[in-house]
Amino acid sequence: MSERHHFIKELEDLKLTILNMAALSRQALKNANTAYLERNDTLAQEVIDGDRKINALELEVDAKSLKLLALEQPMAKDLRVILGTMKISNELERIADQAVNIAERTLFLSQYPPLEPVASLERLMETTDQMIDLAINAFLDENADQAIKIRHMDDMADQYTLEILQAMILYMVKSTPATEKRILNTRRSIQTIIISRCLERAADLATNVGEHVAFIVKGINIKHQKVDFKE
Amino acid sequence: MTNTVKFSTRNLNFFYGDFKALEDISFDIKKNEVSALIGPSGCGKSTYLRCLNRMNDLIPGTRVEGAVTLDNEDIYAPNVDVVNLRRRVGMVFQKPNPFPKTIFENVAYGLRVNGVRDKKILKQNVEKSLRQAALWDEVKDRINDSALGLSGGQQQRLCIARALAVEPDVVLMDEPASALDPIATQKIEDLIHELKKNFTIIIVTHSMQQAARVSDITAFFYMGKLIETGDTETIFTRPALKQTEDYITGRFG
Ligand SMILES: Nc1ncnc2c1ncn2[C@@H]1O[C@H](COP(=O)(O)OP(=O)(O)OP(=O)(O)O)[C@@H](O)[C@H]1O
Ligand SMILES: [Mg+2]
């Protein structure tokens, strides 16, 4: 039996495409966050424009995977790598979509004076970024145990999102009675809530990536299990 | 589907002279299941298959240790009628090997050997076996033509019909489709799915895809040892051992 050098090389190539995509998606979200914090319209526009590249990579992953499935009839872990890769590329593409969404809110918000800073929002940005970073490294190192760690961080992300919502509600309620200003404050608050919601979504997607990695490595699906899994 | 064990192998060793070709094999094969034996060339798949109907007895200088039971009876016990054992455990080989006789006579052969003389019974059984082997429709109008005029795929199904005619419990197949084109292979695989309703089937194959498609249980052999066995789905999606993984993903040095 041959050692399938060619196939192994193509699998490596597929993984590289995913890593490339992961780097771009993570950077897109980081840039969107920076654009929001620094009220940088140029950077926000870059995020929006850069999404095309990530969409194209997702299609590339699909095409490569389809070809390998059809021509190589992969088995066992090879099969899991390909199925997992297709799912991960889909999550990454959606992370980038969240970045675009944040960038669009940023373009609106930067026209007006900043809201009072909310500490939870920056923490949420930080946590989400760390989760994506962990998920990418889990994929790179084939480390299934990171999935659990990422899932715990996701609980934190959910908590921060709730805190942001509460802060915004408070802000809307206590803001000035003058109607014009009140409408604007409400609009800014809602945009900020949407941003937090995008980050929370991105954190969920990073959690999914961790779960797909666990599937690739161990061949088990931990998606809807609430308990921690052991070796 | 019953869960009765058909063949049970315990601590089987097999020797060609001094060469130990099988080492400490323990394996249960259940009734009405298809078991696939896979592994690199020379790992002992055919040798193991031939232990199950004592075809190895025909090779001088061979020796068996351990136990093989069929329906809980030791097939290596001194009082066993080997001819009867081989009737119960039929075999189909890699290359179709029809006799240079008519299609009818090829299938009737085993029945005649077993003393069936009644023309009507012979005819009935030949038709039944050819139907079971999914060949009847293709040959019913030329049943008295030479079997050698059939295509390779038809010849192989004829050999399966011949094996089925004596109403075995188990059919052993040693790479039954390796000499066939994809369409003939597909027919044999469909046939295996049909046959498992009535028979227990053990198939040796070098095609991972074939093992995955036709079998319920897969057993991986390597260098005379049974390395891993399990549900086919498990073996091909998440085998427990690295050696199995390396073999089925084609990473064998
Ligand atoms: N008649 C024989 N005499 C001596 N050694 C034999 C004989 N038949 C097989 N062997 C040896 O026993 C070992 C197992 O052979 P076997 O034919 O069972 O392998 P296999 O797994 O069926 O291989 P393949 O996939 O090539 O058919 C091999 O090392 C082979 O050389
Ligand atoms: Mg063989």
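The values are calculated or read from the model by the stated rules, or taken from the named source; none is laboratory data. Every value quoted in this text rests on a predicted model; they were computed, and no experiment measured them. FYI the Cβ positions are ideal-geometry reconstructions off the backbone, even for glycines, and counts take in every protein chain you see. For the accessible areas, the whole protein counts, side chains as well, though only heavy atoms, and no ligand, DNA or RNA atoms are used. Shrake-Rupley method; radii C 1.70, N 1.55, O 1.52, S 1.80 Å.
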Relative to the present Cα-Cα distance, how much length would full extension add between B:SER151 and B:LYS242 at 0.36 nm per residue of separation? 28.7 nm
By accessible area (1.4 Å), largest first, B:LYS120, A:LYS67 order as B:LYS120, A:LYS67
Multiply the residue separation of A:LEU162 and A:ASN40 by 0.36 nm, subtract the distance between their alpha-carbon atoms, and state the gained length in nm to one decimal. 41.3 nm
A:THR85, B:THR234, ranked by accessible area, largest first (probe 1.4 Å): B:THR234, A:THR85
Apply 1/(1 + (r/R0)^6) to the Cβ-Cβ distance of A:ARG182 and A:LYS9, taking R0 = 51 Å, and write down the FRET efficiency to the nearest 0.05. 0.25
If each K or R counts +1 and each D or E counts -1, the residues other than B:ARG88 whose Cβ falls under 13 Å of its Cβ total 0
Fraction of beta bridges assigned by DSSP in the protein assembly as shown that are antiparallel (%, nearest 5): 60
Quick one: angle between helix A:179-218 and the longest Cα principal axis of chain A, in degrees between 0 and 90, rounded to 10, please. 20
Relative contact order, percent, of chain B when contacts are C-alpha pairs under 8 Å separated by at least 6 residues? 27
Karplus-derived 3J(HN,Hα), 6.51/-1.76/1.60, for each residue of segment B:15-28, Hz, glycine and proline x: 10, 9, x, 8, 7, 8, 8, 10, 10, 6, 8, 10, 6, 10
Too-long pairs where the Cα-Cα distance tops 27 Å, listed order kept, from A:LYS87/B:LYS187; B:LYS128/B:LYS187; A:LYS30/A:LYS53: A:LYS87/B:LYS187
How many lysine pairs in segment B:3-122, separated by 8 or more positions in sequence or lying on different chains, have Cα atoms less than 28 Å apart? 15
Tell me, what HN-Hα J-couplings in whole Hz come from the Karplus equation 6.51 cos²θ - 1.76 cosθ + 1.60 at θ = phi - 60° for each residue of segment A:141-156, using x for Gly and Pro? 8, 6, 9, 6, 5, 4, 4, 5, 4, 5, 5, 5, 5, 4, 4, 5
Estimated translational D of chain B in µm²/s (Stokes, Kirkwood radius over Cα pairs; 20 °C; 1.002 mPa s): 114
I want to check the label-to-label distance for B:ASN11 and B:SER178. Put each point 7 Å from Cα in the C-beta direction and report it in nm to one decimal. 3.2
Dimensions (Å) - segment B:171-232, Cα atoms, principal axes, largest first: 32, 26, 17
Gained length - B:SER41 relative to B:ARG142, 0.36 nm times residue gap less alpha-carbon distance: 32.5 nm
